[in-house]
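The values are calculated or read from the model by the stated rules, or taken from the named source; none is laboratory data. Computed from a predicted model, the values in this text were never measured in an experiment. Virtual Cβ from ideal backbone geometry, glycine too; neighbours counted across all protein chains shown. Note: areas computed on protein heavy atoms with side chains; ligands, DNA, RNA excluded. Shrake-Rupley method; radii C 1.70, N 1.55, O 1.52, S 1.80 Å.
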Amino acid sequence: MNLIGVDGCKAGWLVATSDTSLTSLDFHIAPDFRSIIASLENDSQVVVDIPIGLAEDGTRACDKRARQVVGKRRSSVFPTPCREAFPATTYKEACALNLAACGKSMSQQTFNILTKIAEVDRLMTPAMQTFIRESHPEVIFAMLAGTDQGLCNKKKSKEGAQERLSLLALAVPPFNLEGERVRLGRGNVARDDIIDAVACLVAAHRIVTRVALSLPEGDEQRDACGLRMEIVA
């Protein structure tokens, strides 16, 4: 089975791939999410760090539960937008559209990834959720750390990167973070994009080996389009 971890990056989407043996990792940049789907082989498990399934009131139980899991890093779980905000081209417009649709404004962090959320949302169907799942790297790292309390250091700090790389080393073979960034283009991908994509790859492995946790625990929640609203790790 092909395992695929995906995280957004400046040049599009950073894709980390391996098989279930996790003996080696490969990385490439996909220009759009459609091309990732088009390249999938029959036996693939994709995990992406982007919301799948959007609540009409802007509140998802999986996000609330994820914030509890990551603790100190709870601000990394951004509020999800309403679909009515997708046409916005400015932050001010996005806030106004979201406020009108669900009574809530929008964080700057959510606006920064709004086009990527919309890109995935327009392609997703309930059937595709059998092989494309949503995760959040900070939840994955909390699972790997075994504390369910999240990590201490910010991911963009030197200490935070090393903390996360040390946890990934428990699950995947060594990889040359700086070398891959040079190969892919420093202007195209950040260090944390690569780290987060590998975290999603770990989540894909946890899914196929049936040890993944799905948030929130209990009954599944679906949005108006029938998409499950969940975070797996």
- [ ] May I ask you to verify whether LYS104 is open to solvent by 60 Å² or more (accessible area, probe 1.4 Å), touching a Cys at 6+ places or on another chain (Cβ under 9 Å) and outside any helix (DSSP H, G or I)?
- [x] yes
TODO: Inspect the stretch 44-65 for any residue being farther than 19 Å from ASP223 by Cβ and open to solvent by 40 Å² or more (accessible area, probe 1.4 Å) and give the result as yes or no.
DONE: no
- [ ] Just give me the residues in the stretch 163-211 being open to solvent by 40 Å² or more (accessible area, probe 1.4 Å), assigned to a helix (DSSP H, G or I) and closer than 14 Å to LEU3 by Cα, in sequence order.
- [x] HIS205, ARG206, VAL208
- [ ] Considering every residue within the stretch 31-42, establish whether at least one is touching a strand residue (DSSP E or B) at 6+ places or on another chain (Cβ under 7 Å) and crowded, with 17+ Cβ neighbours inside 10 Å.
- [x] yes
Task: Leading residue by the ranking (nearest to the chain's Cα centre (by Cα)) among those in the stretch 74-90 that are open to solvent by 60 Å² or more (accessible area, probe 1.4 Å) and within 24 Å of PRO137 (Cβ to Cβ) - done: PHE78
Open item on the list: One residue is enough: does the stretch 110-133 have a residue meeting the conditions at positive phi and either crowded, with 20+ Cβ neighbours inside 10 Å or small (Gly, Ala, Ser) (or both)?
Closed with: no
Task: Filter result for GLY71 (within 24 Å of LEU201 (Cβ to Cβ) and surrounded by 14 or more Cβ atoms within 10 Å (Cβ to Cβ)) - done: yes
- [ ] With the condition kept exactly as written, say whether any residue in the stretch 153-162 is assigned to a loop (DSSP other than H, G, I, E, B), touching a Ser or Thr at 6+ places or on another chain (Cβ under 8 Å), touching a residue at least 12 places away in the same chain (Cβ under 8 Å) and not β-branched (Val, Ile, Thr).
- [x] yes
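Does LYS116 meet the test of being closer than 24 Å to PRO31 by Cβ, in contact (Cβ under 8 Å) with a residue 24 or more places away in the chain and under 16 Å from the mean Cα position of the chain (by Cα)? Outline the logic, then answer.
Working: closer than 24 Å to PRO31 by Cβ: yes; in contact (Cβ under 8 Å) with a residue 24 or more places away in the chain: yes; under 16 Å from the mean Cα position of the chain (by Cα): yes.
Here the answer is yes, as LYS116 does meet what is asked.
Go through PHE131, PHE78, PHE141 for me and flag whichever is at pLDDT below 95, of a type in the set (Phe, Trp, Tyr) and within 26 Å of ASP219 (Cβ to Cβ).
Exactly one of PHE131, PHE78, PHE141 is at pLDDT below 95, of a type in the set (Phe, Trp, Tyr) and within 26 Å of ASP219 (Cβ to Cβ), namely PHE78.
For a quick check of your reading: which strands (runs of 3 or more DSSP E) sit entirely within the stretch 1-74 and have at least 3 residues that are closer than 16 Å to SER135 by Cα and modelled with pLDDT of 95 or more?
The strands (runs of 3 or more DSSP E) meeting that bar are 2-9, 12-19, 44-48.
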